[in-house]
Amino acid sequence: MREYAARRGWTIALQVKEVGSGASQRQLREKLLEAARRREIDVVVVWRLDRWGRSVTDLLATLKELEHLGVGFISLTEALDLTTPTGRAMAALLAMFAEFEREILRERVRAGLAHARQNGKRLGRPRTAALHTDEARKLRRSGLSKSEIARRTSDSSR
């Protein structure tokens with residue numbers, strides 16, 4: 001990556017080497033994005049796309065932010081250079097596949113819910129207070145406090 005930057009005549013303003021693999025909060029990447037937001041860098045160069053984004057959605061969101069900030073993005077392994085028209089076309093294809101991935105996931109969720117309903121599974125929040133309405137009203141009329149009614153109805157539901 002250093003050789004690539006040197007061949008392009010670039011000065012390395014910030015180098016991030018992130019080793020953690022599945023971390024949900026990637027602090028060093030966030031540090032780099034903050035530098036981009038402060039206009040301290042012009043281009044982000046990564047070795048592989050999967051080192052930048054953990055999912056297609058995450059990747060596209062950050063690429064879109066970088067584009068909005070006017071910061072280029074280059075992935076050396078995939079030869080993806082978003083500073084060129086061809087690279088931007090490839091990014092559009094990535095966006096299309098991300099949308100496809102979301103639609104497939106939606107279809108799977110809907111099918112799973114339909115299957116669960118067919119098998120008699122009740123979906124949604126569990127019925128709680130509605131099950132005890134009559135009992136709670138009767139206890140309230142008998143003069144019990146609301147906290148005592150709550151204690152008695154929650155004990156009887158277990």
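Restricting to segment 12-39, and then to whatever is crowded, with 16+ Cβ neighbours inside 10 Å and closer than 18 Å to LEU76 by Cα, can you tell me which residue is modelled with the lowest pLDDT?
Out of the qualifying residues, it is ARG29.
Considering (1) touching a residue at least 40 places away in the same chain (Cβ under 8 Å); (2) touching a strand residue (DSSP E or B) at 6+ places or on another chain (Cβ under 8 Å), say which one THR57 fails and leave the rest.
THR57 satisfies every listed condition except (2).
Mind listing whichever residues of segment 79-102 are among the acidic types (Asp, Glu) and surrounded by 15 or more Cβ atoms within 10 Å (Cβ to Cβ)?
Step one: of segment 79-102, the residues among the acidic types (Asp, Glu) are 81, 99, 101.
Of everything in segment 79-102, just one residue is among the acidic types (Asp, Glu) and surrounded by 15 or more Cβ atoms within 10 Å (Cβ to Cβ), namely ASP81.
Does ASP42 satisfy the condition of being under 22 Å from THR84 (Cα atoms), loosely packed, with under 15 Cβ neighbours inside 10 Å and at pLDDT below 85? Quick ask: steps written out before the conclusion?
Values: under 22 Å from THR84 (Cα atoms): yes; loosely packed, with under 15 Cβ neighbours inside 10 Å: yes; at pLDDT below 85: no.
Spelling it out, it is not the case that ASP42 is under 22 Å from THR84 (Cα atoms), loosely packed, with under 15 Cβ neighbours inside 10 Å and at pLDDT below 85.
Give segment 71-115 a look and list any residue that's of a type outside the set (Val, Ile, Thr), in contact (Cβ under 8 Å) with a residue 12 or more places away in the chain and outside any helix (DSSP H, G or I), or say none.
GLY72, PHE73, SER75, LEU76, GLU78, LEU80, LEU82
Taking the residues in segment 120-158 that are hydroxyl-bearing (Ser, Thr, Tyr) and either within 30 Å of VAL109 (Cβ to Cβ) or touching a strand residue (DSSP E or B) at 6+ places or on another chain (Cβ under 8 Å) (or both) as candidates, determine which candidate is modelled with the highest pLDDT.
Only one residue fits best here, namely THR128.
The values are calculated or read from the model by the stated rules, or taken from the named source; none is laboratory data. Bear in mind the structure is a predicted one, so any value in this text is a computation, not a measurement. Heads up, the Cβs are rebuilt from the backbone with ideal geometry, glycines too, and the neighbour counts pull from every protein chain shown.
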